[in-house]
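What follows is calculated from the coordinates using simple rules that are stated; it is not laboratory data. Since the structure is predicted, the reported quantities are computational estimates derived from the model, not experimental observations. With ideal geometry, Cβ positions are generated from the backbone for all residues, glycine too; neighbour counts draw on all protein chains shown.
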Amino acid sequence: MIHSASVGEVNAVRPLVKALQEKYPRLKIVMTCTTLSGLEQAKTLHIPAYLSVLDLPWLRKKQLQSINPQIIIIVETEIWPNLLYQAKKQGIKIAFVNARLSEKSFNRFKKWKKLLHFLEEPIKIIMAQTQEDTVRFRNLFTVPVLYVGNLKFALQLPQYDELELRMKYGYKPEDFIICFGSSRPGEEALLKNILPELKLRIPELKLVIAIRHPYRIGEVRDLFPEAAIYSELQENVNDSGDVLLIDTIGHLNEFYAICDLAIVGGSFFDFGGHNPLEPAFYGKPIIMGPYHSSCAGSVQELFSFNAILISDSQNLKRDIIYLYQNPEKRKEMGENARACIEQNKNALENHLRGLEPWITA
């Protein structure tokens, strides 16, 4: 059984699911998710997927008895006391994969250190994303904690014919496409405010906004009444207009693949940021805001490769125009992003080695 919180965690563990299926063909894999959007994404893995119950003793007990897993693989930071306790009572092994722990979360869990020591018995291994995460987990638990890298670097995304995909959506080769991925409240208004001047400075500008939570489409549409809406487009659409709003799950990678500049949302206001590795996979220059605690390891790694530009709400317009006016810089950042993905791809093998002693198939 694999437990993920939401879409990002499901996408991160996707290559691990595939690798486990290939290595252990008789192994039955089931996934539970905390959110409905995560559940919908989990269904694309073609494995049984269920909504996780609330962390209450009788609900955890019932769900674990129903699924009856030999091991629970927990993705990232899903530390739930009753899940750990019921696993302990039922003799179910636990492994944390792609584990991360922000400084804020560490300080919160530190207050419950004695409780965590009491509950840690079923935890066989914690595999951390970064060296910093490794240190924090070792301060909370006495079980083995290994630094293995970030599974999000083990991307398995489709390759596209860029020109063909642009034509599908009515974009011309000379259009300058900006894809703002996983936008959160306040960020669309930020774009709205700077858009008039961007259009003056970038005549061929086309803007794509992929909303992190599609239920917000109404409020975002009010900001951009002239925009095309992805879910309303026909399969044979040939004009996405100057502004396109993506209100469905699972299509963001197409627009990262064809854009000239990727901006990753959830980072210009304090939402923790979202995964910048998808645009990196497609070799795109990336702009991100100052709030990225949820993906700090990925951002730090990309930054060390000079593949990402950290901006903020006051300077976003300036930074977009700078990169538009410097195509060589965009090319260099995109190539660096690809190199970063390539260098970190061993994370998947590290995870498989860590899980091997605890999986019987």
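For the chain, the residue among 50, 251, 141 whose Cα projects farthest onto the positive side of the dipole built from Cβ charges is 141. A simple charge model with +1 on the Cβ of Lys and Arg, -1 on the Cβ of Asp and Glu and nothing else charged puts the dipole of the range 106-221 at about 680 debye relative to its Cα centre. Size estimate for the chain follows the Kirkwood approach: the inverse of mean 1/r over distinct Cα pairs works out to 21.4 Å. A straight chain from residue 156 to residue 201 at 0.36 nm per residue would run longer than the Cα-Cα distance by 12.6 nm. Here the range 1-154 is treated with +1 on each Lys and Arg Cβ and -1 on each Asp and Glu Cβ, and its dipole about the Cα centre works out to around 360 debye. What residue among 73, 92, 38 has its Cα farthest toward the positive end of the dipole of the range 38-113, where the charges are +1 on Lys, Arg and -1 on Asp, Glu, each on the Cβ? So the residue furthest toward the plus end is 92. Rounded to the nearest 20 debye, the dipole magnitude of the chain is 1920 debye, with +1 charges on Lys and Arg beta carbons, -1 on Asp and Glu beta carbons, and the Cα centre as origin.
Database note for the chain: Cys without another Cys beta carbon under 4.7 angstrom, 33, 295, 340. Within the listed set 145, 97, 53, the Gaussian network model of the chain (springs between alpha-carbon atoms below 10 Å) gives the highest mean-square fluctuation for 53. Against the main long axis of the alpha-carbon atoms of the chain, helix 81-90 sits at an angle near 40°. When you restrict to C-alpha pairs under 8 Å that are six or more residues apart and normalise by the size of the range 162-343, the relative contact order lands at 21 percent. Would you work out which of 354, 292, 334 lies farthest towards the positive end of the dipole of the range 277-361, given +1 charges on the beta-carbon of Lys and Arg and -1 on that of Asp and Glu, about the Cα centre? Working it through, the farthest residue towards the positive pole turns out to be 334. The relative contact order of the chain comes to 14 percent, based on Cα pairs under 8 Å that sit 6 or more residues apart. Contact order, relative form, for the range 1-148: 19 percent (alpha carbon pairs under 8 Å, 6 or more residues apart, mean separation divided by residue count). For the range 21-62, the residues whose backbone nitrogen is under 18 Å from a point 7 Å from the Cα of residue 356, taken along Cα to Cβ, are 21-27.
Helical content of the chain, expressed as a calculated mean residue ellipticity at 222 nm, amounts to -12500 deg cm²/dmol (DSSP H runs of 4 or more residues, -39,500 (n - 2.57) each, divided by residue number, nearest 500).
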